[in-house]
1. What full-extension length gain, to one decimal in nm, is calculated for A:Gln288 and A:Ala190 as 0.36 nm per residue of separation minus the Cα-Cα distance?
2. Restricting to Cα pairs below 8 Å that are 6+ residues apart, what does the relative contact order work out to for chain A? Please round to a whole percent.
3. Got a sec to turn the phi values of the stretch A:218-228 into Karplus ³J(HN,Hα) couplings, 6.51 cos²θ - 1.76 cosθ + 1.60 with θ = phi - 60°, whole Hz, x for Gly and Pro?
4. Please list, ordered by chain and number, the residues whose modelled amide H lies under 5 Å from the amide H of A:Gly376; skip anything fewer than 5 residues away on the same chain.
5. Given 5 Å bins starting at zero, what is the percent of C-alpha pairs of the stretch A:210-305 in each, up to the one with the largest pair distance?
6. Hey, got the Cα dimensions of chain A along the principal axes, in Å, largest first?
7. Quick one: dipole size for chain A, taken about the Cα centre, charges +1 on Lys/Arg Cβ and -1 on Asp/Glu Cβ, in debye to the nearest 20.
8. When only alpha-carbon atoms count, how far does the stretch B:5-108 stretch along each of its three principal axes, as whole angstroms with the largest first?
Amino acid sequence: MIAFFITFFGAVVLLFIGLNKRESSFSIFAAGILFLSAFLCVASKFGWCNFGILESWVPANMMQFSPEQLLFMGLLSFLTGFIILSFRDSDIIGNDQLALMMFSLCGAYMMVCYQHIVVLFLGIEVLSIPLYVLAGSKKDNIYSNEAALKYFLMGAFSTGIFLLGSAFIYGGTGSLELELMGIKPSFMHAIEGMPIPVLINAGIILMGVGLLFKVAAVPFHFWAPDVYQGSPNRTTVFMATVVKISAFIALYRLLNTFVGIKSNWSGWLSILATITILWGNLAAMIQQNVKRTLAYSSIAHAGYLLIFILIADGTNAWILWFYGLAYGIASILVFSISHQLYNTNKDDTFEAFNGLAKSSPIVAIALVIGVLSLAGIPISAGFVGKFYLFSFAWQSDPMLVCTGLVGSALGVAYYFKFIKHAFLKVGEKSPVIKDRGILIFLVLIILMAGVFPWILLRTFF
Amino acid sequence: MSSLTIFNQLEISHYIYLSTVLFSIGLFGVLFRRNAIILLMCIELMLNAVNLLFVAFSSYMGDSDGQIFVFFIMVVAAAEAAVGLAILVLVYRNTRKTDVSVLDNLKG
């Protein structure tokens, strides 16, 4: 709860003091607020400080702040802080952008700790509405306008589908509370020969589809490459990391409620996971534009995380946490390097990476580590995340794990395009890369989480 | 008198069918119409079909959660429409069209 307060009031303060001004000190202020809220989440998880008074304001059947939720909130806040820090010189005027991103983060918090479908719905909307504005924040740019309109139409459409699903669930189970929703269907499932009402099955499918639109799983992904390409870079990386991870947490908690009737929804979800992994990786191979490639790569990662949804049993949420951390940090690293190269070259194809190893070797090595982490090569955090995910999924669903391995192998092909262009091609311009410190810090996180994952996991879980 | 007895014969399933049909009209409108303003209206139709269903379930089960949800949906739909129309104005300024077929600049 303290994270809500700090993020929200920090955003309000930022909105008033920083309106239409553009100084990087505001970004540092915003990132400081977010790191503070991440720290306080972790601190209240360990019991170093107690915010029980704030939490008692919220009815326990609306939101819940268990240690797991606090860690997820801390992760989202931490990632957003890094996004704001590494895109300090973003080409969009105005610190209201930062404030909108922080309001959107409040929605992500709501999606993490909801206990009632109303809170989940409000969370999705609080997350999305600032993002529609952020996607269109380059007002004169036709691509940005197009991205905003597409994102808006798809977002509103998926909200409608999600709401129809929740109405069906309400009618079928008689409740909108997460703890009560699952009781009736699993009770019915336990009785031999008693069919689950159509309303409940349809409701689960429709709510799932509404959330799958947000995580951009195939076949609900068609908006993602266009929106990711057209939006400003900082918004794109926010969509690819924070929005995706929070939607996965929401989906995990929602479907975990209906774990009693898992056989009713695991079938179509595993088909979706398979085609998401394969299609995301295959389509990424033929892209020339860096942002579209990263968009398809994020679609492929959504497929891997769908495997997690299928094996989740309420005790292994740490896999999602670790995978989210690894994927988020590596995405921020690669997006921020390509953003800075774009600022120099005004070229958003792979040609922008040409000759990076000659002109700034440190950045090239940081790029390699980020890309290897996304691809899942050993000693990077991405490898450890995938290793945990696949080894836990192996017992229940070996076919899906094989698909995941094939997808990862396909993924190497396009991730190596970055390395090929950076090391083997000769570039004309030497790009100006600022903020080496943050890049090195992100690399250190990736390597530390990749080499000593148990330190991180023992400390937190 | 006879017109009032019709309402007594309505069951919850009628409301489910009605709102599913209304929702489908909105859904197909979003999928097949090309004018962005009509798309917005179709999305509103989808949301209002859901509102009807929530109210019907709520009164059928004697539980007030569904009616409270409807208020939230209406508030959020208004906020969403405000942002959506603002984006539409932005697109109109740059392209002089409100047709979604202008949205084909981004390709891969």
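Every read-out reported here was derived from the displayed coordinates using simple, explicitly stated rules and does not represent laboratory data. On a predicted model such as this, the values are computed, not experimentally measured, just so you know. Every residue, glycine as well, gets a Cβ built from its backbone with ideal geometry; the counts of neighbours run over all protein chains shown.
1. Working: separation 98, 0.36 × 98 = 35.28 nm, distance 5.23 nm.
That pair, A:Gln288 and A:Ala190, stretches by 30.1 nm at full extension.
2. Details: 737 pairs, mean separation 61.6, N = 461.
Value for chain A: 13 percent.
3. 4, x, 9, 9, 4, 6, 4, x, 5, 5, 5
4. Under 5 Å from the amide H of A:Gly376: A:Phe383.
5. 3, 14, 24, 25, 17, 9, 5, 3, 1
6. Taking the Cα atoms of chain A, the three principal extents are 71, 50, 45 Å.
7. Working: 25 positive and 20 negative charges, 176 e Å.
Here chain A has a charge dipole of around 840 debye.
8. Result, largest extent first: 54, 29, 24 Å.
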